[in-house]
Amino acid sequence: MITTQLKQQVAADCFKRGDIEACGFIVDGTVVPCENVATNPETGFVIAPEDYAKAEELGTIECVYHSHINSNEKFSAHDIGVCKQSNLPWLLYSTNTGGFRYADPRGNAPYLGRDWVYGIHDCYSLMRDFYRRELEIVLDDFPRGEEGEWENGTWMMFVNNYEGQGFIEVDKPEKHGDFILMNIVAPTPNHAAVFLPERNCFYHHLMDRQSEVTVWGAAWSRMTYKVLRHESLMQ
């Protein structure tokens, strides 16, 4: 849990660094600033191995934080790749806008209220986490490119892979966990949702919004490309 007090302390460290990106850890609820040893610390950050070792000696590393000194409040593609490799939550602070963004690559984030981070917290990530946690079904994590890649007319991540992940087309969403594949203002299907029949709702995560639960209705039905059910749930 990243409290308001911790965010204030992270912001204070970021402002102290001036024209370079700040970096550090949150260890057992304490902010631990680290030196940025990147070759170009104005545009990236690297935490020295010895600082990492010192942080581990202090306790449990709960989060990695760093700043962007421009107005970009989003993780870069490089940030996302390294965050996944670290298998630790990351917190990003923009010194220009004062905005924070949080990403947890371990699949432990709540279903509701996630920040949008393409490749870590997006519609498919929410679906993967739900299937693993609620249904004990592990779905592959497919590589993402740049945000907005689904607009280029050739992006087919869902269409090319749903059969290989064990999904079968059905007539309509009825069972817990049915996969609703949608097309939202894009040339190819680009949005995944998880159906909750007991509430006639679905979990999903739209770009630049927090993840949410939405009532299933006619408008969403019109955007639906296919309704899919995992083969293990067909009985």
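Across the chain, the convex hull enclosing all Cα atoms gives 140 Å³ per residue. Label separation (residue 184 vs residue 43): 3.2 nm, computed from points 7 Å beyond Cα along the C-beta direction.
Expressed as a whole percent, the accessible area of the range 7-139 that falls on carbon and sulfur atoms is 48 (1.4 Å probe). Hydrophobic long helices, here whole DSSP H runs in the chain with Kyte-Doolittle means of at least -0.5 and Cα atoms spread over 30 Å or more along the helix axis, are not found. Please list, by residue number, everything in the range 1-25 whose backbone N is under 11 Å from a paramagnetic label point 7 Å out along Cα→Cβ of residue 58. The answer is 24-25. In this structure, the amide hydrogen of residue 63, modeled 1.01 Å from its nitrogen in the peptide plane, lies closer than 5 angstrom to those of 26, counting only residues at least 5 positions away or on a different chain. Taking packing as the residue-averaged number of other Cβ atoms within 10 angstrom, the listed peptides 215-227, 80-92 run from highest to lowest as 80-92, 215-227. From the alpha carbon centroid of the range 161-185 to that of the range 73-117 is 27 Å. Rounded to 0.05, the FRET efficiency of the residue 133 and residue 84 pair, given R0 = 25 Å and the Cβ-Cβ distance, is 0.85.
Taking each residue as 0.36 nm, the span from residue 140 to residue 212 lengthens on full extension beyond its C-alpha to C-alpha distance by 23.7 nm.
Suppose a student asked you for the relative contact order of the chain, using Cα pairs under 8 Å spaced at least 6 residues apart; what percent would you report?
Working: 434 pairs, mean separation 32.3, N = 235.
Value for the chain: 14 percent.
Per-peptide packing, taken as the mean over residues of other Cβ atoms within 10 Å, places 207-214, 103-110 in the sequence 103-110, 207-214 from highest down.
Take the Cβ atoms of residue 172 and residue 97, set R0 to 41 Å, and the FRET efficiency comes out at 0.45. Using alpha-carbon positions, what is the distance between the centroids of the range 51-70 and the range 16-43, in Å? First find each Cα centre; the distance between them is then 8 Å.
In debye, nearest 20: dipole of the chain around its Cα centre with unit charges on the Cβ of K, R (+) and D, E (-)? Let's see the in-between values first.
On the way: 20 positive and 34 negative charges, 122 e Å.
The dipole magnitude comes to about 580 debye.
The values are calculated or read from the model by the stated rules, or taken from the named source; none is laboratory data. For clarity, every value in this text was computed on a predicted model and none was experimentally measured. Neighbour counts run over all protein chains shown; Cβ positions are idealised from the backbone, glycine included. These area figures cover heavy atoms from the full protein model, side chains too; ligands, DNA and RNA do not enter into them. Shrake-Rupley method; radii C 1.70, N 1.55, O 1.52, S 1.80 Å.
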